[in-house]
Every structure is written in C-alpha cells, then in structure tokens.
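What follows draws every value from the coordinates through simple rules; no lab data is involved. Note that the structure is predicted; figures quoted are calculated from it, not measured. In this analysis, Cβ positions are derived from the backbone assuming ideal geometry, glycine residues included, and neighbour counts consider all displayed protein chains.
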Amino acid sequence: MELVYQRVLLKVSGEALMGNDAYGINTTVLDFVAGEIKEVVRLGVQVGLVIGAGNIFRGVAGASKGMDRATADNMGMLATVMNSLAMQDALERIEVDTRVQSAIPMQSICEPYIRRRAVRHLEKGRTVIFAAGTGNPYFTTDSAGVLRALEIDADVIIKATKVDGVYDKDPVNNADAIKYQRLTYEDVLSKGLRVMDAAGIALAKEDEKPILVMNMTVAGNIRKAVLGEEVGTVIHS
C-alpha cells in the first residue's frame, strides 16, 4: 500500500460529533472518528485535526440573536477547545499519541499553538488537534482548517461530512441532486456551492491546496482517501 497523502489536515464539523443527538458530544460517534484516525496513523500518515463547535455553540447563531459578534465568536472558539479535549481523550484511550494546541493560550489544559512545535509533533507521529480556530473572531473553523493546513504544509485538506461529496443541491431533500467528482476552486465560488466559506476556499486556491470532501460516517473512507482511492469530491486548481 502506497500513501498518496503523507500529511493531512482533517476538518470535522462540530455537528458531526452530535450523531443523532440534539446537541453536545455523542461518545459513540467520537469513538468511531477516533478509530478511523487511528487506522490512518497506523499507516504512517501524519494527522492534523480541526474540529468545529456547532454542537455546542455557533458564533453566527449567537450574533443573529443580538449578541455581539466578537463575543459570540470567542464563545464558539472556546467550544472548539471542549471538542478538541474530548477528541484527545478518545484518541489517547486507543493509544494514539495526541497533542492539543490552542490559538487562545490556556496552558493549564493544552499547549499554545506554535507552528514549529506542531510540525515537530507530526514528525514524531503524534496527532495534533488545533483548537480555538484562528484565535480571532469573524473567522470560521473552515478558514482555520485551511490556514493550519497551509502552515503545516499538509498534502490535502480532508473535509469530513455526513454526505459523500459535493452536490449541485442538497441531496437529502432532492433525489435528482448531481454529485461532482471534481471541481475547481472557481467552480465552488461561482456556483455558490456550500463546501466551506469563501475565505477558506480563497486561501486554498492561493496555495493550490487540494480539498477532499467525503463522508466520514462510512468506515474506512479516510483510509481510502489517504491511499488515493476514489472517494468523495476533490476540489483543486
């Protein structure tokens, strides 16, 4: 087995960790994702991970209800730290050496984000979870995922979702939705496809960093992705 991607940035939404629950962290889903990550770590893949916070608190939603946007986003960033610590616990319980680095310093529970230290952890085979987004309000965890991928020089950004790729419309509500196998960054922006926010797409485009959108709820999909098997939708130049 030959790895196509040696170092990856895995972006997992906070909502994905809810499973079928209304909110919070579903431990069954958490353990499943941890197991999928362990499979690729055993292959020798270096894994960086960014987790959203939609299962706990979404800044945009708070702002839409009258809360100050910067305050709401700061709360969302703290929620990503909670998810990151939960994922670290799930990974360490199955003997995957893990470090959490936060863009907002909180030394008593995790490391501060330092790019060179993060790269060194990856080189030593440790999975690094990047928490607290970019550390700044008004930026989503999608943008944070792309930013960290560029900083650690990941080979690909894997956006793990509940859908098996990118469609021209919502496949859940539209039986005639068409799945794209490949897209360019321009396609995503011009068609208004809701893959990730425009800032994240623009960042990836500037560095020509490929994005793979795939269904993380299917066992073995992340493994297939790093081995170069056809899975999901690839967005590239």
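Summary table below
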{"item": "Matching residues, the range 127-155, being more than 19 Å from Cys110 (Cα to Cα), surrounded by 21 or more Cβ atoms within 10 Å (Cβ to Cβ) and in contact with a strand residue (DSSP E or B) (Cβ under 7 Å, 6 or more places away or on another chain)", "result": "Asp142, Val146, Ala149, Ala154"}
{"item": "Residue in the range 61-74 that is of a type in the set (A, V, I, L, M, F, W, C) and in contact with a strand residue (DSSP E or B) (Cβ under 9 Å, 6 or more places away or on another chain) present", "result": "no"}
{"item": "Options Lys38, Lys11; residue that is within 21 Å of Ile158 (Cα to Cα), among the basic types (Lys, Arg) and within 14 Å of the chain's Cα centre (by Cα)", "result": "Lys11"}
{"item": "Subset of the range 156-193 [surrounded by 16 or more Cβ atoms within 10 Å (Cβ to Cβ) and without any contact (Cβ under 8 Å) to a residue 24 or more places away in the chain]", "result": "Tyr167, Pro171"}
{"item": "Residue in the range 89-99 that is within 21 Å of Gly24 (Cα to Cα), hydrophobic (A, V, I, L, M, F, W, C), surrounded by fewer than 15 Cβ atoms within 10 Å (Cβ to Cβ) and over 14 Å from the mean Cα position of the chain (by Cα) present", "result": "no"}
{"item": "Members of the range 53-73 found to be touching an Asp or Glu at 6+ places or on another chain (Cβ under 9 Å) and within 16 Å of Gly135 (Cβ to Cβ), listed by number", "result": "Gly59"}
